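The structure appears right after this line, and notes come after that.
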Amino acid sequence: MTHRPHDVLRLAMWSGPRNVSTAFMRSWGNREDTLVVDEPFYAHYLDHTGLDHPGREEIIATHERDWGRVAVALAAPVPDGVRILYQKQMAHHLLPHMGREWLGLMTHAFLIRDPRPMLASLGEKLGEFDLLATGLPQQVEIFDYVVRTRDRLPPVVDAADLLAAPEAVLRALCAALDVPFSPRMLSWPAGPRATDGVWAKHWYDRVERSTGFESGTEEAPRELTGRLAEIEALCRPLYDKLREHRLHA
């Protein structure tokens, strides 16, 4: 038995890289009523851009590359008992040529992080990258789209707030989404998940050892230099725009 699409909260949680997004996926995935989807457009993103990310060929070979088919799948019926389809969406995976009509079928929320620690972490993983790889321009685009088409402000979670007070922030987010809070969101078993993308081996080592949010562990921002400092200057106003609307626990 399956549910019709309108019976399900199809939650697109838009993040950028290194934003505690996988831990957030673990939190939602530990609910009994939730099915999670891990970065559904990643294979298309790599295939279309030609970027050389860790595990690129395996990702493209294993996951769906056609963004249109992915969008259709995100709106398809879900298994019995599922009330929330949580999508860990990387905003930079939403490329300009991809249609936007499917966004109207989803409920949208945003996960942001201060650019300095985010850029420092991303630099360690990727080396060279540009502003678009941070996902912040795309997050602002999607945020503005939701405001324009829904005439309401979508919820925004700042990673620093989440780490400082996980339960309070999760309760505030659940209230904003009109879903009941579950204490199961605060902790989860260590280890990999069948729902993880094949890229987990390259990116998820830390979260696979985790059993909950590492409260209060967001590192103090440090000065960036060179190209990272230039990107930070471009990121800051975008981050500040979204942070202005962040949830207060």
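Bear in mind that the values in this text are calculations on the coordinates, not laboratory data. Here the structure is a predicted model, which means the values were calculated and not measured. FYI the Cβ positions are ideal-geometry reconstructions off the backbone, even for glycines, and counts take in every protein chain you see.
Each of Ala175, Met90, Val20 was scored by the projection of its Cα onto the charge dipole of the range 2-243, and the greatest displacement toward the positive side belongs to Ala175; charges sit on the C-beta of Lys, Arg, Asp and Glu.
Calculated [222 nm] ellipticity per residue, helices only, for the chain: -12000 deg cm²/dmol; basis is -39500 (n - 2.57) per DSSP H run with n ≥ 4, divided by all residues, nearest 500.
Among Trp199, Trp28, a tally of other beta-carbon atoms within 10 Å of each Cβ gives an order, fewest to most, of Trp199, Trp28. A quarter of the convex hull surface defined by the alpha-carbon atoms of the chain gives 12.6 nm² as the mean projection. Working from Cα pairs under 8 Å separated by at least six residues, relative contact order for the range 88-234 is 29 percent. Extending 7 Å from the Cα toward the beta-carbon at both Thr149 and Leu105 defines two label points whose distance is 1.2 nm. Using +1 at the C-beta of Lys and Arg and -1 at the C-beta of Asp and Glu, which of Ser210, Gly127, Gly55 has the Cα lying farthest in the positive direction of the dipole of the chain? Of the listed residues, the answer is Ser210.
Ordered by the count of other Cβ atoms within 10 Å of each Cβ, fewest first, Phe213, Phe129 give Phe129, Phe213. Dipole size of the range 1-98 about its Cα centre, with +1 on Lys/Arg Cβ and -1 on Asp/Glu Cβ: approximately 300 debye, rounded to the nearest 20. Say the dipole of the chain comes from +1 at the beta carbon of Lys and Arg and -1 at that of Asp and Glu; which of Gly191, Leu163, Leu247 then lies farthest toward its positive end? Of Gly191, Leu163, Leu247, it is Leu247. Each of Leu247, Leu131, Leu105 was scored by other Cβ atoms within 10 Å of its Cβ. Arranged with the fewest first, they read Leu105, Leu131, Leu247. Taking every full run of DSSP H in the chain, the ones that stretch at least 24 Å from end to end by Cα along their long axis and average -0.5 or higher on the Kyte-Doolittle scale are 226-243. Distance from the alpha carbon centroid of the range 19-89 to that of the range 98-155 works out to 15 angstrom. Put a plus charge on the Cβ of each Lys and Arg, a minus charge on the Cβ of each Asp and Glu, and nothing anywhere else: the dipole of the chain about its Cα centre is then about 440 debye. Taking all Cα pairs closer than 8 Å and separated by 6 or more residues, the relative contact order of the chain comes to 28 percent.
Within the range 2-243, antiparallel bridges make up roughly 15 percent of the DSSP beta bridges whose residues both belong there. Each of Glu141 and Ser182 was given a label point 7 Å from its Cα along the Cα-to-Cβ line. The distance between the two points is 3.3 nm.
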